[in-house]
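To keep things clear, I will list the structure first and then write my remarks on it.
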Amino acid sequence: MKKTIFILIISSFLFSCKSNNNAPDVSNINVDIKLERFDRDFFAIDTNNILPGLNQLNAKYQIATPIFLQFVLGVDSANMINGVKNFLSLSNGLYDTVNTVFKTTDGLEKDFKKAFQYVKYYFPTYQCSKNCNYCRTG
């Protein structure tokens, strides 16, 4: 009896779940996406020239750089150079491993492209700025 009730409950879950894909076709909406890798630019900083490297990083990622330095690394302007230098030297091995496992961001670019296609579909007059978080559109 318990087995029959269990089978009925499982069957009702399996057959009641239907996939209704009501998503619009956005494949014809042209959106150019180019992801820029903050992590690669950050780890490319020369540890002998931290300040010029941080200045270049800040020029390219004006919003992300101060947020990363303050809230991720937890460094302030007084100990920024030493903090970044220590982080880079301690984390390079891990970063190399991450780059080996995650060589490309093709999947992310595809997902961002689809997301911006939906944005353009639902909000045709919306103009995304060139800088959308870590994603640049153009």
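Of the set (1) surrounded by 12 or more Cβ atoms within 10 Å (Cβ to Cβ); (2) of a type outside the set (D, E, K, R); (3) at pLDDT 85 or above, all apply to Leu35 but (3). What about Val31, is it touching a residue at least 60 places away in the same chain (Cβ under 8 Å), under 30 Å from Thr125 (Cα atoms), assigned to a loop (DSSP other than H, G, I, E, B) and within 18 Å of the chain's Cα centre (by Cα)? It is true that Val31 is touching a residue at least 60 places away in the same chain (Cβ under 8 Å), under 30 Å from Thr125 (Cα atoms), assigned to a loop (DSSP other than H, G, I, E, B) and within 18 Å of the chain's Cα centre (by Cα). Whether any residue in segment 49-69 is part of a loop (DSSP other than H, G, I, E, B) and modelled with pLDDT of 95 or more is what I want to check. So far as segment 49-69 goes, yes, one or more of its residues are part of a loop (DSSP other than H, G, I, E, B) and modelled with pLDDT of 95 or more.
Return the residue satisfying two criteria in turn: it lies in segment 86-138 and is outside any helix (DSSP H, G or I) and of a type in the set (Lys, Arg), and of such residues it is modelled with the lowest pLDDT. Filtering first and then ranking leaves Arg136.
When you scan segment 87-111, how many residues do you find that are within 18 Å of Pro52 (Cβ to Cβ) and not hydroxyl-bearing (Ser, Thr, Tyr)?
Selection size over segment 87-111: 2.
Among the residues in segment 71-78, are any among the aliphatic types (A, V, I, L, M), under 16 Å from the mean Cα position of the chain (by Cα) and surrounded by 10 or more Cβ atoms within 10 Å (Cβ to Cβ)?
yes
A Cβ distance below 7 Å, combined with a sequence gap of six or more or placement on separate chains, defines the contacts here; from segment 37-65, residues that are under 20 Å from Ser89 (Cβ atoms) reach residues that are of a type in the set (D, E, K, R) and assigned to a helix (DSSP H, G or I) in the pairs Asp41/Lys60; Thr47/Lys85; Ile50/Lys85; Leu57/Asp41.
The values are calculated or read from the model by the stated rules, or taken from the named source; none is laboratory data. Not measured: the values here are computed from a predicted model. We place every Cβ from the backbone using ideal geometry, glycine too, and count neighbours over all the protein chains shown.
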